[in-house]
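The values are calculated or read from the model by the stated rules, or taken from the named source; none is laboratory data. This structure is a prediction, so every number in the text was calculated from the model and none was measured. Every residue, glycine among them, receives a Cβ derived from its backbone with ideal geometry; neighbour counts consider all protein chains shown. Please note that ligands, DNA and RNA were not included when accessible areas were found on the heavy atoms of the full protein model with its side chains. Shrake-Rupley method; radii C 1.70, N 1.55, O 1.52, S 1.80 Å.
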Amino acid sequence: MKTIAFFDAKEYDKPSFEACGERYGLKFRYFETKLCEDTADLSAGCDGVCLFVNDVLSAPVIDKLTAHGITVAALRCAGYNNVDLQYAKNRLKLMRVPAYSPYAVAEHAMAMLLTSIRRTHKAYIRTRDFNFSLNRLEGFDLHGKTAGIVGTGKIGKVFIDICKGFGMKILAYDKFPGKEDYYVPLNELFEKSDVISLHCPLTEETYHIVNAESIARMKKGAVIINTSRGGLIDAEALLQGIKERKIGAACLDVYEEESDVFFRDVSGHILEDDTLALLISMPNVLVTSHQAYLTKEALENIAETTCKNLDSYFTEGTTPNEVAFSR
């Protein structure tokens, strides 16, 4: 039986991984702490590591892992912007979960959009206090509006289908566009969309794809949704766009500096990130804590694919879903 150091472990992770681990002959050693240079030595005596979106696989961390004889890292997520790919090459085998439930993420994006524009969260709070006034709860129809989808992988395609179900017009941008007639240049998408939803990976090309310049191109009152990676948005520029009434609303399931805040209860502490605190304080900003993927089906798929990846590596020497070392 192989032992895997499981970093950034949460209670909702364990049932699926325990069930899968038993089937595949894997034993998980759970650590609540994130993987970083200070915690990498916790992997001593293990055969591999399992990490999530805010764990760090930097050069010093890789050195410590390999010093303990670890040769494989399983990411239980799709993205790998937290990995030093060039340094990992020829040192660690990296595998990921390329698709766990595109429906979970796309549906959460639409849930956030509807919550934001129809003010259902505010109505819920009011009626809990027996306040049944409709003042300041006016929203707008999605039907007939234009949805701009940046990134048309599996999640982006599902979100397009959902938007079509609401009678929305579609514009899309992707580095590798398909044959559909809704693909347009990125600037055109920013200029014409009422709702802009980000579903692309975080790379050097997409870093701060939403910035002061792109916000200036957007329609007044545009709604921005991000369920992908926080670094896609320049948070300072977004905050300024909201203050200037340029951005109508923002729905954020991710945040660039989320690693010290998200997945934790910090309600008894002063939030040191002033930008995040200001964003949350805005009446037209909705923030969730990187929960778009969090469905029963997605958790089961993540565990199954991760365990299959590790089993293939240990029993057959193969690396399904291996991370590409060149972007």
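General observations
- Boolean, residue 155 is within 23 Å of residue 254 (Cβ to Cβ), open to solvent by 40 Å² or more (accessible area, probe 1.4 Å) and of a type in the set (Val, Ile, Thr): yes
- Failed criterion for residue 241 (all others in (1) free of Cβ contacts under 8 Å to residues at least 60 places away in the same chain; (2) open to solvent by 10 Å² or more (accessible area, probe 1.4 Å) hold): (2)
- Against the numbered list (1) within 17 Å of residue 142 (Cβ to Cβ); (2) surrounded by 14 or more Cβ atoms within 10 Å (Cβ to Cβ), residue 161 comes up short only at (2).
- Taking segment 79-104 as the range and being outside any loop (DSSP other than H, G, I, E, B) and open to solvent by less than 20 Å² (accessible area, probe 1.4 Å) as the test, the residues that pass are 83, 85, 88, 94, 95, 104.
- Residues that are β-branched (Val, Ile, Thr) and within 16 Å of residue 193 (Cβ to Cβ) were ranked within segment 228-258; the one that is nearest to the chain's Cα centre (by Cα) is 233.
- Screening segment 125-158 for residues that are in a loop (DSSP other than H, G, I, E, B) and of a type in the set (Lys, Arg) and picking the one that is nearest to the chain's Cα centre (by Cα) gives 145.
- Condition check for residue 248: among the small types (Gly, Ala, Ser), touching a Lys or Arg at 6+ places or on another chain (Cβ under 8 Å) and free of Cβ contacts under 8 Å to residues at least 60 places away in the same chain: yes
- The lone exception for residue 301 - which of (1) polar (S, T, N, Q); (2) over 18 Å from residue 79 (Cβ atoms); (3) open to solvent by 40 Å² or more (accessible area, probe 1.4 Å); (4) touching a residue at least 40 places away in the same chain (Cβ under 8 Å) it fails: (2)
- Contacts under 7 angstrom Cβ, first residue in segment 6-18 being over 19 Å from residue 259 (Cβ atoms), partner at pLDDT below 95, 6 or more apart: none
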